[in-house]
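Visitor: Pasting a structure here, questions to come.
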Amino acid sequence: MLKRSSMILMSVMLLFATFLAACGGGGTSSSGDGGDTGTETPPVAEENAPPVKLRVFSTFGGTDAAREAFQSALDEFTASHPNVTIENDTMSANDDGFRTKVNTDMNSGNEPDLLFYFIGADAEGFVNAGKVVPLNDLLEEDAEWKGGFIPDALELARQEDGNIYAVPLTGFYEGLFVNKKIFEDHGLELPTDWDKLTTAVKTLSENGIIPLSVPFDQSHYLIEHAVLSAAGPEGQNKGLKDEVDPNWEKGYAAIKELYDLGAFPKDAATIDLSMAGNYYSEGLAAMILEGSWAIGGWNEDVRDQTTVVPFPAVPGGVGSGNDIVGGFGTGFYLSKATYDDAAKKDTAIALMKHLTSPASIQKIATANGGTPAADVEVTGLPQVALDGFSMAAKAASISSPIDSKVAQETFGNLRASVYAVIQGEKTPTEAIADAKKVEDDNRP
Amino acid sequence: MKGDRKYIWMFLLPAAVIMAIFLYYPFFKSLYLSFYRTTGFFDKRFVGWNNYERLFSDELLGAATLNTLEVMLYVLVFQVGIALVLAVLVDSIRKGKDFYRTVFFFPVVISGTAISLLFVLFYNYNFGLLNNLLAQFNIEKVLWLDQGNALKAISIPTVWHYVGFYFILFLTAMSKIPSDYYEAAKLEGISGLKKTTMLTIPLIMSDIKVVITLAITGTLKVFEFVWVITRGQNGTEVLGTYMYKKAMVDQNFGYGSAVAIYMVIFGVVLALVANRLLKRDEITY
């Protein structure tokens, strides 16, 4: 198991390194042909082809940075296949309702034809229930399609049973995004270690600037980074299945320490993720814990002043201070019902191939700043995205988010404990013990 | 009468079908699920009374119950109270009744989520309307949604949203009172406040009872205001949001269903108690 994960780690890092190199090369000289040319010409639809209606469910909606890029990729397909209508069904990934929607659909015979969703533990339910088809054979049959992907990106999309059920578009990383200008204005160093972080927090909060914009309820990223840097990648990867890793609670102690120093917005308890993002985007906050997808949503001047660093190691933790959260966490699934429906099967597969073609991947990656799953050059990325690739390439480890390692309910409990811990109603030890109890209840 | 039976069935059927699908089926399904331990959508096992035992040791559920009762108190006092006062006022004017009726009823039509988003922008600490107003007068910003205020802050839109509905119910009830009562009162020289408290309110008591029952059961369903404005933080978790969190966010449908059953029983008990307390002879005109 350990061997496999270290293989994965190596390949992710290699991947990020490739991209850094690619971006570095292409960053200055803008490619003249816009990048859209030179890709496979979509098969011309036969005359009088019977009409086909497909539903594609994804998170490329609302405020998602890649919304328009995704829609235009769909439009390209319908332009070359006039007999096809596509229902672009979307929901924001910011809220938990999205998971519920997908699982309800998958469980109640209302599967979308193509589903863009998380890979890994989140998908286990419908994958094991046989609601989606393994794509191994399809990939083997179409060398051109398979060849479009970077092999490691496909490897990372494997479920535990060894099959590939989802084909990836872009990867992601998470980190501590920092507004360099605010730091410079206050004569602060980048928060590369705990002391620098706490110094910055103290100085900024004395000056009336929100040091670190996080919400306490949707505290996913805060918990992810605190626990990862406290318990290290191995401790984090263990989840809470067996005995409790004593380092986990140091993450919660660190959150409390930051709170006591005034690190979080005054109204952190009642804001949601998008409001926290707002504070950062408006320049009211100096730091935010977010993922690569958030970059596209910030105001341009703030984005240009932003860089990203790994969350520093918390005091007493075993993390290296150079561990990050990331991976290829999402991809397109093909539902079993569509696969068995002769009228839809070929069109749905053609659409999936189109959406994951190098040209489409390039488009999406350009829009959302993620790591493309194909070997394409992404130009015009802001500096912070390049900083992000560089951070990921140099990282000592890349782990998938903590909520993929514990049961949903356990993660809900961990979230609820954040506020109790900083208020002193619970000790960090009690918080982790509580979560462990919930985790045990969730295992037969 | 016998020939009518066919029509009775025919007219009842659509409503009965809709009720069965959207009310009774989900209810019994919840009852069924509440005896299971579920993880996600694809895995469940029978656990007997386990979920119900958990209800009694769940501190968060206790807190949510108390918070719901607090909101219920505000709703009963202010929502029903303000609706009654408005109805009395509008009932006693001669011109512009229709105008006020429309204006007061209007908030009911707006979706609760939209109102909540509006109030998010009122209360927000950094951008909010209220704090911007205070800043104009150089007053220190206030954290409107802190531990002490949050539940009250949420109760304001909750109360405001449905005042109009109860107002219409009261107004309709008042218009049904025959005018000879008022003429008699006029001859006796009774007017103003005395007329309202001694005549109007006793005469619409059965409607007040209905409204109170509606308000109690309605408060148990409060969800969107809490969910959007505070996400259940800072001591604002109510039963509706707690159930949603357990069922949908944690994907523990078994326990979520048990909470739902608890809410139903709790609501029925409260409504029965309220009815008992307000017991009076029915008035017929």
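Visitor: How far, in nm, would the chain grow between residue B:182 and residue B:137 when pulled straight, counting 0.36 nm per residue and subtracting the alpha carbon separation?
Guide: On the way: separation 45, 0.36 × 45 = 16.20 nm, distance 4.99 nm.
Gain in length upon complete extension: 11.2 nm.
Visitor: Could I have the simple spin-label model distance between residue A:336 and residue B:54, label points 7 Å from Cα toward Cβ, reported in nm to one decimal?
Guide: 2.8 nm
Visitor: Cα extents of the protein assembly as shown along the three principal axes, largest first, in whole Å?
Guide: For the protein assembly as shown, the Cα extents along the three principal axes come out at 97, 70, 54 Å.
Visitor: Rounded, prolate or oblate: which fits chain B when a ≥ b ≥ c are the square roots of the eigenvalues of the alpha-carbon gyration tensor, with rounded for a/c under 1.5 and prolate only if a/b beats b/c?
Guide: Oblate, because a/c is 1.5 or more while a/b does not exceed b/c.
Visitor: List the residues whose amide H sits under 5 Å from the amide H of residue A:426, counting only those 5 or more places along or on another chain, with H placed 1.01 Å from N in the peptide plane.
Guide: A:421
Visitor: Something else about it: Specify the inter-centroid distance of the stretch B:86-124 and the stretch A:305-382, based on alpha-carbon positions, in whole Å.
Guide: If we compute the Cα centre of each part, the gap is 47 Å.
Visitor: Measure nothing fancy, just the Cα-based angle from helix A:342-355's long axis to the longest principal axis of chain A, in degrees from 0 to 90, nearest 10.
Guide: 50 degrees
Visitor: So what J values fall out for the stretch A:385-399 if you push phi through Karplus, 6.51 cos²θ - 1.76 cosθ + 1.60 with θ = phi - 60°, rounded to Hz, Gly and Pro as x?
Guide: Once θ is set to phi - 60°, the couplings for the stretch A:385-399 become 5, 5, 4, x, 4, 5, 4, 5, 5, 8, 5, 6, 7, 10, 10 Hz.
Visitor: State whether the stretch B:207-263 is rounded, prolate or oblate according to the following rule on the C-alpha gyration tensor (a ≥ b ≥ c being the square roots of its eigenvalues): a/c under 1.5 gives rounded; otherwise a/b larger than b/c gives prolate, and the remaining case gives oblate.
Guide: Values: a/c = 3.32, a/b = 1.53, b/c = 2.17.
Judged from the Cα gyration tensor, the stretch B:207-263 comes out oblate (a/c at least 1.5, b/c at or above a/b).
Visitor: Could you check the spin-label model distance between residue B:175 and residue B:276? Points 7 Å from the Cα along Cα→Cβ, value in nm.
Guide: 3.7 nm
Visitor: Which whole DSSP H helices in chain B pass both tests: a Cα extent of 18 Å or more along the axis and a mean Kyte-Doolittle value no lower than 1.0?
Guide: B:150-175, B:205-220, B:253-277
Visitor: Another question, then. On alpha carbon coordinates alone, what is the Rg over Rh value for the stretch B:154-236, Rh being the Kirkwood radius?
Guide: Using only Cα positions, Rg/Rh for the stretch B:154-236 is 1.18.
Visitor: Could you calculate the contour length gain from residue B:24 to residue B:43, that is, 0.36 nm times the residue separation minus the distance between their Cα atoms, to one decimal place in nm?
Guide: Taking 0.36 nm per residue and subtracting the Cα distance, the gain is 4.4 nm.
Visitor: Still on this structure: As an exercise, use a Förster radius of 45 Å and the Cβ-Cβ distance of residue B:98 and residue A:75 to find the FRET efficiency, rounded to the nearest 0.05.
Guide: Calculated value: 0.35.
Visitor: Relative contact order of chain A: what whole-number percent is it, with Cα pairs under 8 angstrom and at least 6 residues apart?
Guide: Rounded, it is 26 percent for chain A.
Visitor: From zero up to wherever the largest Cα-Cα distance of the stretch B:128-198 sits, split into 10 Å bins and tell me the percent of pairs in each.
Guide: Reading the bins upward from 0: 15, 24, 19, 17, 17, 8.
Visitor: Of all DSSP beta bridges located in chain A, what percent are antiparallel, nearest 5?
Guide: Counting only bridges with both partners in chain A, antiparallel ones make up about 60 percent.
Visitor: Something else: If r is the Cβ-Cβ distance from residue A:260 to residue A:437 and R0 is 30 Å, what FRET efficiency results, to the nearest 0.05?
Guide: My answer for the efficiency is 0.65.
Visitor: Kindly express, to the nearest 10 degrees and within the range 0 to 90, the angle between helix A:67-80's C-alpha long axis and the longest C-alpha principal axis of chain A.
Guide: Helix A:67-80 sits at roughly 10 degrees to that axis.
Visitor: Further, regarding this structure: Using just the Cα positions, wrap the stretch A:286-444 in a convex hull and report its mean projected area in square nanometres, one decimal place.
Guide: Details: hull surface 55.2 nm².
Computing the convex hull of the Cα atoms and averaging its projections yields 13.8 nm².
Visitor: Find the eigenvalues of the gyration tensor of the Cα atoms of the stretch A:276-362, then list the square roots of 5 times those eigenvalues as equivalent ellipsoid semi-axes, largest first, in whole angstrom.
Guide: 39, 20, 11
Visitor: How compact is the stretch A:370-415 by the rule of thumb for globular proteins, expressed as Cα Rg over 2.2 N^0.38 Å?
Guide: Values: Rg = 15.4 Å, N = 46, 2.2 N^0.38 = 9.4 Å.
That ratio works out to 1.64.
Visitor: Looking at the stretch B:174-225, which trypsin sites (Lys or Arg not before Pro) are in a loop (DSSP not H, G, I, E or B) and have at most 15 other Cβ atoms within 10 Å? It would help to have the intermediate numbers written out before the result.
Guide: Working: sites: B:176, B:186, B:194, B:195, B:209, B:221; in loops: B:176, B:221.
Hits after loop and neighbour filter: B:176, B:221.
Visitor: Still on this structure: By how many degrees, between 0 and 90 and to the nearest 10, does the Cα long axis of helix A:408-422 differ from the longest principal axis of chain A?
Guide: Compared with the principal axis, the helix lies near 30 degrees.
Visitor: At 222 nm, what helix-only mean residue ellipticity would chain A give, in deg cm²/dmol to the nearest 500, using -39500 (n - 2.57) for each DSSP H run of four or more?
Guide: After summing the helix terms and dividing by the residues of chain A, the value is -14000 deg cm²/dmol.
Visitor: Are there any GluC sites (Glu not before Pro) in the stretch A:190-251 that are in a DSSP loop and have at most 14 other Cβ atoms within 10 Å? List them by number.
Guide: Numbers: sites: A:206, A:224, A:234, A:243, A:249; in loops: A:243.
Passing both the DSSP loop test and the Cβ count: A:243.
Visitor: Something else about it: In the structure shown, do any of B:97/B:176; A:131/A:345; A:101/A:405; A:202/A:256; A:180/A:363; A:336/A:363 have a Cα-Cα gap over 18 Å, and if so which?
Guide: Violating the 18 Å Cα-Cα cut-off are A:101/A:405; A:180/A:363; A:336/A:363.
Any read-out appearing in this document is the output of simple, stated calculations on the displayed coordinates, not a laboratory observation. Predicted model only: the values in this text are computed from it and were never measured. Positions of Cβ are backbone-derived with ideal geometry, glycine not excepted, and every protein chain shown enters the neighbour counts.
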